[in-house]
Amino acid sequence: MKKIASIFIVSITLTLSVSAQFSKGTIFVGPTIGTNSYQSASDNLNYSNGNNQARAATSKAYTFSVGPQVGVFVSDHLVLGASVNYSLSVKNTSTNTILVNGNLLTTNAKTNTSTFNTGPFLRYYYFDKLSRTMFYTQLNGTVGTGSGGSSSNGNNNITSTYQSNGTINGIFSWNAGGSIGLTHFFNDFIGMDVAVGYSYNSVTSHDQNNTNTTSNTSEIVTSVPNNYKETLLTHGVTLGLGFHWFFKKSI
């Protein structure tokens, strides 16, 4: 009985110690590593008229972000804070188009962009006072800017091949999302977050590139500049991992 009582007293002491770190005024700080989205998609089109007979396209997009979060408990459950992160996005697209004359057009395109983003977050803890693992929900949003590059190559199996390289400038991005997760405490001050959620992203950019086309018969190369504005909307599942420190304001 004494052993059971001792274990019970230690458990209660640890629980109260952890709960104290969630009290109003506690500072919340630490890095978060997240995969904003991974998307793999394909579409197939069959044309009833025009120059194209059919088209098949596949694309894969991956976004990774990392950065610190800083917040303060405005109540015993609620954290209000801000985050700054660096985000890297890579998208690969392959397209095959069959023309009505039997020609096959193949295209492989790749874009890389990097952005710096900042914005607020709101986290609410639904903690169980008999556990060192605390569940939470979080809402967050960011705005950001950055730059990148693009490249592509392709060929018409009868007439020509082409290559294109360019830059992506003036990126303006915004993001809004939410997640559910848990914080597991290793001790009274350090916790590890694991979360899953949903994110909606908008990226507007100005793209400039030159397309060099080489004729299969004459080997003459022609260059055509391209300058356009693009808005890309994506959404998907998010995964997150982070480590946070919890300090009382007086420390």
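Only the coordinates and a few stated rules stand behind these numbers; no lab work does. Since the model is a prediction, treat every value here as computed from it, not as a measurement. Note: ideal-geometry Cβ built from the backbone for every residue, glycine included; neighbour counts use all protein chains shown.
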If r is the Cβ-Cβ distance from Leu104 to Lys229 and R0 is 35 Å, what FRET efficiency results, to the nearest 0.05? 0.70
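As a check on your grasp of the helix formula, calculate [θ] at 222 nm for the chain: sum -39500 (n - 2.57) over DSSP H runs of n ≥ 4, divide by the residue count, round to the nearest 500.
Rounded to the nearest 500, it is -2500 deg cm²/dmol.
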Mind pulling the angle between the C-alpha long axis of helix 2-20 and the longest principal axis of the chain? Nearest 10 degrees, somewhere in 0 to 90. 60
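Starting from the Cα-Cα distance between Phe189 and Lys24, subtract it from 0.36 nm times their residue separation and give me the gain in nm to one decimal.
57.9 nm
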Dividing the surface of the Cα convex hull of the chain by four yields a projected area in nm² of 18.6
Can you work out the PRE-style zone for Asn210? Point 7 Å along Cα to Cβ, and I want the residues of region 148-188 with backbone N under 18 Å. 149-154, 161-169
Relative contact order, percent, the chain [alpha-carbon distance under 8 Å, six or more residues apart]: 19
Largest-first principal axis extents of the Cα set of region 64-127 (Å): 70, 24, 15
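Using DSSP loop states and a limit of at most 11 other Cβ atoms within 10 Å to flag trypsin sites (Lys or Arg not before Pro), what is the longest stretch of the chain containing no flagged site?
For trypsin sites (Lys or Arg not before Pro) (loop position, at most 11 other Cβ atoms within 10 Å), the longest site-free span of the chain is 1-128.
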With Cα springs under 10 Å, the Gaussian network model of the chain assigns the largest mean-square fluctuation among Leu233, Leu80, Leu45 to Leu45
Within 10 Å of each candidate Cβ there may be at most 10 other Cβ atoms; applying that plus a DSSP loop requirement, which chymotrypsin sites (Phe, Trp or Tyr not before Pro) in region 88-188 survive? Phe186
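Using 0.36 nm per residue of separation minus the Cα-Cα distance, give me the extension gain between Thr118 and Leu80 in nm, one decimal.
Length gained between Thr118 and Leu80: 12.3 nm.
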May I have the extent of the alpha carbons of region 128-251 along their three principal axes, as whole Å values ordered from largest to smallest? 78, 29, 23
